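The numbers here are math on the coordinates, done by the rules we state, and not lab data. Here the structure is a predicted model, which means the values were calculated and not measured. For neighbour counting, all protein chains shown are included, and Cβ atoms are generated from backbone atoms with ideal geometry for every residue, glycine included.
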Ligand SMILES: O=P(O)(O)OC[C@H]1O[C@H](O)[C@H](O)[C@@H](O)[C@@H]1O
C-alpha cells in the first residue's frame, strides 16, 4: 500500500501520457495561482491551507460541548443543507454501526435538508420525551430549508425548556454577517464560525463538520490530521507527482473525449452519503455553462444488480471511479455446510470482506472490458484519518478540475434559480444576495 495513504490507479483511462504532459503546464500555472490566491474565486480559497493551520482552541471548545451534550441529551439535531450537513453525515454514516449498538452517545439526526412536512412532523414526534440539543449550521444564515426547520425547532425548544433553551442551541455560521449570526448574538447562543473564505461544500473540516462528529465521539483530531497529511502530500504542482491533479486532469481529458458522466462506485453501503458529499462537491463546482462532468454514484455490489447493466452495456459516455478501502473493521466468515445444497462450500474458507474485495476486482475487469474507463482510488483504512485524507484529496482535485474546465469552482449561481422561482410563487419577491 502506498505510503501516501491513498493510491490512484488508472486501470484503463484511454488517456495517453502525452495528453497529460500537454495539460501539465496549465496545471502548474493554475496551482501557482491557487496557492498565491490570485485565481478566480480566490475569496473562497480558505479551505486550501485550513488543515495546516492551528484550530486547537475551537476543537477544544467543541470537545467540551460534546461532553456536555453527552451528559444532558439523548438526541443532537443538526440543521443544515448542502455542505452544511453532507460532510458530517458522510463521515458519520461511513463510521457508525449499521445497526445501533448502544446509547453511549446521543443519536445525531438531521433536519433542514428538505421541505418535507412529513419528515419534520415525525422528527418532532421522535423528540418527544427526549432531551435535545440543536446545532443549526448555515454560513449565509438565510438558506430556506434550514431556516424553516430552525424556526420550527426553536419554537419546540423554547416551549420545552423555556429560558434554558438558549443553552441547548448551538449555532455554526459566519463570524459577523447573516440572520443566524444576528439571532445568535441576540439570544446569546454559543456559536462556532465558518470562515468567510470557505464555501459550504469545502467546509467539512470547519466546525460545520466537526461538532456533530465530536458529539458522537468520533476522533475529529484524527480527521484533521488526515486532512493535514493530504494538504502536505498534495503540495506538488504537477500532474505526475500530485495524485489529486492527476485525477483532475484525467477527468477533464475524459470529458473532452465525450465521457460526460463520472460514476463513483464503492463496495461498502456505509459510504452512500460520502457519495452524496462528493456529488455536491463536484456537481456544484463544475456544473456550469451547460458543461461539466455529471457526478453520479452507485453502491456495489447491490447496484450491480440494477444500474450495473447500464454501466456494463449502456451508452459509452461514462467513466467509473472505484473507491476501495483496503482495511474495513469487522468481517464475517462464510460457514461450511456439510449438505452444500447451495454449492457455496468453495467460499467457506473466505470471509465476506475477501469476497467483496474480489468482487471489486472482478467488477473493474468487467467494466474495463466493456469499454468503461476505470480509475481506482485505493484508501488504506476506513477510519477518521483516512476519510480526512480522502476528502481533502477530492477537494483539491475538484478545484483543479474546475479550473482546468475554465470555471470558478467556488460559486453556485445555478442554485439560486429555483429559490427565486419558489419565492415568486410564494408571493415573496426577494432577490437572493449570496
Ligand atoms: O450554509 P448555507 O449558507 O446555509 O448554505 C448551504 C448550501 O446551500 C447553498 O445554496 C449551496 O447550494 C451550497 O453550496 C451550500 O452548502
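When 410, 317 are sorted by how many other C-beta atoms sit within 10 angstrom of their C-beta, beginning with the fewest, the order is 317, 410.
By the count of other C-beta atoms within 10 Å, a proxy for reagent exposure, 79, 198 are ordered fewest to most as 198, 79. Using 0.36 nm per residue and subtracting the Cα-Cα separation, the extra length available between residue 148 and residue 37 on full extension is 36.4 nm. Annotation for residue 356 and residue 98: the two label points, set 7 Å from Cα along the Cα-Cβ direction, are 0.7 nm apart.
The modelled label-to-label distance between residue 179 and residue 22, using points 7 Å beyond Cα along the C-beta direction, is 5.0 nm.
Descending by average beta-carbon neighbour count within 10 Å, the peptides 380-388, 59-67, 127-135 line up as 380-388, 127-135, 59-67, the highest first. The sum of -39500 (n - 2.57) across all DSSP H runs of n ≥ 4, divided by the residue count of the chain, sets its helix-only mean residue ellipticity at 222 nm to -14500 deg cm²/dmol. Cα centroids of the range 61-93 and the range 360-409: 27 Å apart.
Remark: spin-label model distance residue 166-residue 369 equals 6.8 nm, labels positioned 7 Å along the Cα→Cβ axis. Between the beta carbons of residue 315 and residue 10, assuming R0 = 25 Å, the FRET efficiency works out to 0.70 to the nearest 0.05. Secondary structure note: in the chain, about 15% of the DSSP beta bridges are antiparallel. Taking the range 95-120 and a reference point 7 angstrom along Cα→Cβ of residue 415, no backbone N atom is nearer than 11 Å. Could you tell me the distance between the Cα centroids of the range 280-352 and the range 153-172, to the nearest Å? Using only Cα atoms to place each centre, the spacing works out to 43 Å.
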